[in-house]
Every structure is written in C-alpha cells, then in structure tokens.
Amino acid sequence: VQLQAFGGGLVQAGGSLRLSCAASGLTFSWYGMGWFRQAPVKEREFVAAISKSGSRTYYADSVKGRFTISRDNAKNTVLLQMNSLKPEDTAVYYCAASGLDYGLNSRLNYNYWGQGTLVTVSS
C-alpha cells in the first residue's frame, strides 16, 4: 500500500493550498480517509476525514469552515482544500487510510500512512 501526498509548500497567511493524496495497492473505496498534521514538538493531530463513500465528512474545530476534504473513488484520490490559511496551520500534513468508517478522528484507527507534505504559512 502506498499513499503519496502532494501539494505542500510556502504560502502567505490568508492564502490557499490544495493537498492531494494518491492511493495505490488497496481497494480505495473500502477505506475511510483522513488528513492529520504534525507541527514541530507537537503531537500528530486530526485535521479532516471522509467516509468510504464520501457521504460524511469530519473536521477539527480549528479548520472547520476553512478546509474541505473530498475524494474521488474512481481516481483513488483524496483532496484537502485549505483556504484562509494561518501561521498556526504550519505543519507536515499526512494522509491516512482506515479500514473503519467511524472513529475517523482518531489516528489509532488508521492502518496506512503516507509520507507527509510540508505546509508553511508565513505571517
């Protein structure tokens, strides 16, 4: 199984970025998908998740209204559109796949992780 995250970079506060995660080696539609992030000296935290069918989405309070998660099961891809970025959004962002369709806000429920992509938001 491979999860490859793309789209990180440097952006000014208030700007936007779109992260994508390409999955291979698994039946994509059988997995709930999530995005987590980890800032220096902090624990990895939940950002957003989407159910297997895409019918349900979940967000951390800190990103609600600014970030949007979506998936394309035909292309084995999950996206994270990030708008109105803030310096505190700076982190390495990881996509992950869960065999469950609930509890997607807990990193303990994920089976596979990507390598991460760095997002840096300057003030």
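The values are calculated or read from the model by the stated rules, or taken from the named source; none is laboratory data. Everything numeric in this text was worked out from a predicted model, so none of it was measured. A quick note on method: Cβ atoms are made from the backbone with ideal geometry, for glycine too, and the neighbour counts reach across all protein chains shown. The area values use the complete protein model at the heavy-atom level, side chains included, leaving out ligands, DNA and RNA. Shrake-Rupley method; radii C 1.70, N 1.55, O 1.52, S 1.80 Å.
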In nm, give the distance between the simple-model label positions of ARG56 and LYS86, each being 7 Å from the Cα along the Cα-to-Cβ direction. 2.7
What FRET efficiency, computed as 1/(1 + (r/R0)^6) with R0 = 25 Å and r the Cβ-Cβ distance, is obtained for TRP30 and LYS64, rounded to the nearest 0.05? 0.40
Could you sort GLU88, GLU45 by their accessible area in this structure, using a 1.4 Å probe and putting the largest first? GLU88, GLU45
Starting from the Cα of LYS42, draw a straight line to each of the aspartates and glutamates and keep only those under 16 Å, dropping any in the same chain fewer than 8 residues away. GLU88, ASP89
Computed over region 25-123, protein heavy atoms only, probe 1.4 angstrom, the accessible area per residue in square angstrom equals 50
In region 82-123, the chymotrypsin sites (Phe, Trp or Tyr not before Pro) that fall in loop regions by DSSP, at most 16 other Cβ within 10 Å: TYR102
Restricting to Cα pairs below 8 Å that are 6+ residues apart, what does the relative contact order work out to for the chain? Please round to a whole percent. 36
With all protein chains modelled, accessible area of THR120 [1.4 Å, Å²]: 50
Computed label-point distance, nm, for sites ALA39 and TYR102 using a 7 Å Cα→Cβ extension: 3.2
Under 5 Å between amide H atoms, partner at least 5 residues away or on a different chain: which partners does ARG71 have, H built in plane at 1.01 Å? LEU79
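Report the charge-dipole magnitude of the chain in Debye, nearest 20, computed about the Cα centre from +1 at each Lys and Arg Cβ and -1 at each Asp and Glu Cβ.
Roughly 120 debye, rounded to the nearest 20.
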For LYS52, what accessible surface area do you get with a 1.4 Å probe? Give it in Å², rounded to 10. 60
